[in-house]
1. If you place +1 on the Cβ of every Lys and Arg and -1 on the Cβ of every Asp and Glu, how big does the dipole about the Cα centre of the chain come out, in debye to the nearest 20?
2. Convert each backbone phi in the stretch 33-49 into a coupling constant with the Karplus relation 6.51 cos²θ - 1.76 cosθ + 1.60 (shift: θ = phi - 60°), then list the ³J(HN,Hα) values in order as whole Hz, x for Gly and Pro.
3. Hey, can you find the accessible area per residue of the chain for me, probe 1.4 Å, expressed in square angstrom?
4. Just tell me which lysines come within less than 25 Å, Cα to Cα, of Lys89; anything on the same chain fewer than 8 places away is out.
5. Show me the ranking of peptides 105-118, 62-75 by mean Cβ neighbours inside 10 Å, starting with the highest.
6. For the stretch 108-129 and the stretch 17-79, what is the separation of their C-alpha centers, rounded to whole Å?
7. What is the sum of charges around Gln144, taking Lys and Arg as +1, Asp and Glu as -1, for the other residues whose C-beta is under 15 Å from the C-beta of Gln144?
8. How large a share of the accessible area of the chain, in percent, is made up of carbon and sulfur atoms when the probe is 1.4 Å and the other protein chains stay in place?
Amino acid sequence: MKPQDIVAGKSSLWIFGYGSLVWKPDFKYKRSKVGYIKGYKRRFWHGDNFHRGDDEMPGRVVTLIEEDDACTWGVAFEVTGSQVEESLKYLNVREAVRGGYLTQAVDFFPQGVNQSPVQALVYIATADNPIYLGPASTEEIAAQIAVCKGKSGHNIEYLLRLAEFMRVSCPDVDDPHLFSIEAAVLAVIRPILLASQKPVSSVNH
């Protein structure tokens, strides 16, 4: 589905983010809401050879996998007026051209009581994508994330910021996939960090 098909005839649009968009939208918007979408689970199954990795060592970032009884938490941003075209133009480069993500319309359910769902645009990377990496063990994903870096920074930062968002904004929501990878990455880098903090012993001459 193309973004213009979803936008047609609308003066405003909601855009749902579940990865880096939750902390770094980088486009102007009217308001944002924390909430979730149904029928999808978030997985670190997509490759990233631009923002969080390169061609030789692609990073791992999240995409959505269809699963009937699953839900994924994130942030939806409402854009209005000229913001609609500006945000879609920006996201087309960030998500589609550089990330290989496609667009889909979903129902977004805002957090809280008496909140009505709204239709939102979401970017999803599928297995058809050339840089799609697919499933791997928690340890394999963690090992890859621990060492990769791209033009937007370290892959670890992406993981830790996403985990932090979930703890702060959705404290009652468990995300075993995300938190198990976070724990595995921290287990990998902790000995390195501790070693780097050890004082250098003086050398007697």
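The values are calculated or read from the model by the stated rules, or taken from the named source; none is laboratory data. What you are looking at is a predicted structure, and each value in this text was computed from that prediction instead of being measured. Note: ideal-geometry Cβ built from the backbone for every residue, glycine included; neighbour counts use all protein chains shown. Accessible surface is based on the protein model in full, side chains and every heavy atom, while ligands, DNA and RNA are left aside. Shrake-Rupley method; radii C 1.70, N 1.55, O 1.52, S 1.80 Å.
1. Values: 22 positive and 24 negative charges, 141 e Å.
It comes to approximately 680 debye.
2. Values, residue by residue: 9, 7, x, 8, 10, 9, x, 9, 10, 8, 9, 7, 10, 9, x, 9, 9 Hz.
3. Numbers: 11190 Å² over 205 residues.
Normalised by residue count, the accessible surface of the chain is 55 Å².
4. Lys2, Lys10, Lys24, Lys28, Lys30, Lys33, Lys151
5. Working: 105-118: 13.6, 62-75: 18.0.
Ranking, from highest mean packing down: 62-75, 105-118.
6. Between the Cα centres of the stretch 108-129 and the stretch 17-79 lies a distance of 10 Å.
7. On the way: positive: Arg43, Arg52, Arg60, Lys149; negative: Asp48, Asp54, Asp55, Glu56, Glu139, Glu140, Glu157, Glu182.
Its environment carries a net charge of -4.
8. Numbers: 5790 of 11190 Å².
Whole-percent figure for carbon plus sulfur exposure: 52.
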